[in-house]
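The values are calculated or read from the model by the stated rules, or taken from the named source; none is laboratory data. If you're wondering where the values come from, they're calculated on a predicted model, not measured in any experiment. Reconstructed Cβ throughout: ideal geometry from the backbone, glycine too, with neighbour counts over all protein chains shown. Accessible surface is based on the protein model in full, side chains and every heavy atom, while ligands, DNA and RNA are left aside. Shrake-Rupley method; radii C 1.70, N 1.55, O 1.52, S 1.80 Å.
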Amino acid sequence: MKTPALILLVFLITACHTTPKSKEVLSATKSKIADTLTGDSSKVNISTLPTDTVLVTKAEIARILKFYPELSDTSYNYNPYTLYAMRGLNGTEKQQDGDKKIDFNSEVGQDDYFLFYAYFLSLKNGREKYQGQRDTLIKIYDGINSIMQNLANGGTFFGHQQRRILGYAEYSIYTGINNDYYNKEYNIAKQKSFYISSLKQLINDDLSTNFDISEKRKPPLLKKLLKTVNDIDGLISNYFYLNNAREFEYSNY
């Protein structure tokens, strides 16, 4: 009979510690989303990559949020694939004249959904505050995707993956912010060495058995891919980047 009371007590203690911060984050994020839909400019750059520009009108953003409100739900903690599978469940299904529901069902549509996912989650995470981590993660993920694309001798999957990387990177930042597990400060030299060696071994093994790539092309391609691995090596400076590099590779390829 004491168990329910104990659970309630734990819940209340937890709420006392987390609610103020959560309310503060939710309020700040909702304010940023409101700012997105107001102001002087008629368009918003939704790309989280500083070197890229994807302009979307504010009217289009408002229409997307009408049918896919989960994109701006500041309380969610789903990765982009899971949220994509849940898309539109709480949206406004009734369409008014001229208010056509946007369709994200195609491969390109999924790419676009991931872009919006990254944009809105970046407002919650902090656009400027975590831009350095964001850039590094995108470079690491892009490098891994590039290696796999070359080993597979191309394919549309990798092109779509390149666009979706922004969503993966933003979720990695989100989990890093909200989970102390990723903030390990011990020396990662040996772990990183194992991971980098595994990438190099994968490249060597794949190239040695890949008959779709001519023998003439293999030496320069090997040199190119090993350079990409070395670039990734230089980007992995702590456990956070190492763990996310491994997770991204193992869960996608």
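A few remarks follow.
- Cut-off 16 Å (backbone N to label point 7 Å along Cα→Cβ of TYR250), residues of segment 201-228: 202
- ALA85 versus THR57: modelled label distance in nm, points set 7 Å from Cα along the beta carbon direction: 3.5 nm
- Accessible-area value, MET86, 1.4 Å probe, nucleic acids and ligands omitted, Å²: 60 Å²
- For VAL44, nonlocal amide neighbours, meaning residues 5 or more places apart or on other chains whose placed amide H falls under 5 Å from its own, are VAL56, THR57, LYS58.
- Distance in nm between pseudo-label sites at GLU107 and GLN162 (7 Å out along the Cβ direction from Cα): 1.4 nm
- If you sort TYR181, TYR239 by accessible surface, 1.4 Å probe, largest first, the order is TYR181, TYR239.
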